[in-house]
Amino acid sequence: FHAAIIQLSHIELHKFCLSYRILPIMSDEAAPAPAAEEGVKMYVGNLSFDTTEDTLRSTFGEFGTVIDVFLPVHRDSGNPRGFAFVTLSERDAAEKAIAAWDGKELDGRTLKVNESKPKVDYAAGGGGLNSAGLADVKLYVGNLSYESTEESVRAAFAQYGEISDCFLPTDRESGAIRGFAFVTMAAADAEKALAMDGAEIDGRAVKVNESQPKRGGGRGGGRGYGGRGGGYGRGRGGGGRGYY
C-alpha cells in the first residue's frame with residue numbers, strides 16, 4: 001500500500017488524499033502566522049470631562065497605531081470618570097507617548113500617563129497594594145497645600161470612584177490643616193487613584209501611596225496611620241507632617 005502511494009504522481013496523490021479525506025502536511029510556507037501582538041495599554045488619568053475618544057485617538061495616534069480607546073463612565077449618570085485606557089500596537093510607540101504626554105496639558109488638565117499594569121487579585125491577597133486583600137484601601141495624600149479643603153481633595157479623587165472617607169488632620173492649636181490627608185476608597189478604585197501620585201491639587205504636586213498603620217505609637221499611643229516615609233498619630237505624641 002505504501003509503495004503504491006510513493007509511485008503516484010503529484011496530481012494523483014492530491015486526488016488520493018481528497019478521496020480518502022487525508023489532510024496533507026503543510027509546508028513551512030503554509031504554516032499559520034503567529035498571533036498578532038495585543039499591544040501596550042496605557043493609563044491616561046486626570047482627564048478633562050470634555051475630552052472625547054476622538055481627541056485621545058488623534059493625540060496618541062501621532063505615535064503609532066491606536067488599537068483601542070476606553071473611556072469609563074459612571075454607572076448612574078453616564079458621565080466620564082476622568083480617565084481612559086489607550087492601547088497602542090507597538091511598545092516603542094507607547095513609550096514615546098508616555099514620555100511625551102505624562103505631565104503635559106490636554107483640554108486644560110495636566111495628564112498622568114503610564115503603562116497600565118494587570119489588576120491585582122485582591123481576593124487572593126496578592127502582593128503590592130492592599131496585600132491584606134481588604135475591601136477598602138486608605139490612601140495617604142501628602143504634600144497638600146495648606147489651602148486645600150476636604151471638598152477639593154474629594155473632587156480630585158472622585159474621578160476614580162466613590163470615596164467612603166476623606167480626613168484632613170488639623171493642628172490642635174491653630175486648627176490649620178497639617179498638609180496631608182487620608183482618602184478611603186474601594187480597593188479597585190484606590191489602585192486607579194494611585195495615578196494621582198505627582199498630580200496637582202490646589203497648585204501642589206501631591207504624593208499618594210497606601211496608608212499603613214503606624215508602628216510604635218509613642219507616648220500617648222492612639223490610633224495612627226501614615227504613608228511610606230511619614231505618618232500621623234491620633235493622640236499625644238502623634239508625630240508631624242509626613243510625606244516623601
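Assessment of region 164-184 against the conditions (touching a residue at least 24 places away in the same chain (Cβ under 8 Å), on the phi > 0 side of the Ramachandran plot and not small (G, A, S)) yields no matching residue. Could you tell me whether region 193-200 includes any residue that is in a helix (DSSP H, G or I), open to solvent by 20 Å² or more (accessible area, probe 1.4 Å) and not β-branched (V, I, T)? Scanning region 193-200, I find at least one residue that is in a helix (DSSP H, G or I), open to solvent by 20 Å² or more (accessible area, probe 1.4 Å) and not β-branched (V, I, T), so the answer is yes.
Quick grid of which residues meet (1) acidic (D, E); (2) over 18 Å from the mean Cα position of the chain (by Cα); (3) exposed (fewer than 15 other Cβ atoms within 10 Å of the Cβ); (4) not in a loop (DSSP other than H, G, I, E, B):
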site	(1), (2), (3), (4)
S58	no, yes, yes, yes
F63	no, yes, no, no
D68	yes, no, yes, yes
D76	yes, yes, yes, no
V86	no, no, no, yes
A94	no, no, no, yes
A97	no, no, no, yes
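Pairs meeting the criteria (first residue in region 136-160 and farther than 15 Å from T184 by Cα, second residue open to solvent by less than 10 Å² (accessible area, probe 1.4 Å) and small (G, A, S), beta carbons under 9 Å, at least 6 apart or on different chains) are N143/G179; L144/G179; L144/A181; S145/G179; Y146/G179; S148/G179; S148/A181. Can you give me the number of residues within region 21-40 that are at pLDDT below 90 and either under 30 Å from E191 (Cα atoms) or of a type in the set (D, E, K, R) (or both)? Number of matching residues: 7. Filtering region 41-56 to residues that are open to solvent by less than 40 Å² (accessible area, probe 1.4 Å) and under 19 Å from G161 (Cβ atoms) leaves Y43, V44, G45, N46, L47, S48, T51. Number of residues in region 71-92 that are touching a residue at least 40 places away in the same chain (Cβ under 8 Å) and at negative phi: the value is 10. Residues in region 102-113 that are open to solvent by 30 Å² or more (accessible area, probe 1.4 Å), of a type outside the set (S, T, Y) and in contact (Cβ under 8 Å) with a residue 12 or more places away in the chain: D102, G103, D107, G108, R109, K112. Considered as a group, the residues in region 135-189 that are of a type in the set (F, W, Y) and outside any helix (DSSP H, G or I) include one that is surrounded by the fewest Cβ atoms within 10 Å (Cβ to Cβ), and that residue is Y146.
The values are calculated or read from the model by the stated rules, or taken from the named source; none is laboratory data. Just so it is clear, the model here is predicted, and its values are computed rather than measured. We place every Cβ from the backbone using ideal geometry, glycine too, and count neighbours over all the protein chains shown. Remember, those area values only see protein heavy atoms, side chains included, never the ligands or the DNA or RNA. Shrake-Rupley method; radii C 1.70, N 1.55, O 1.52, S 1.80 Å.
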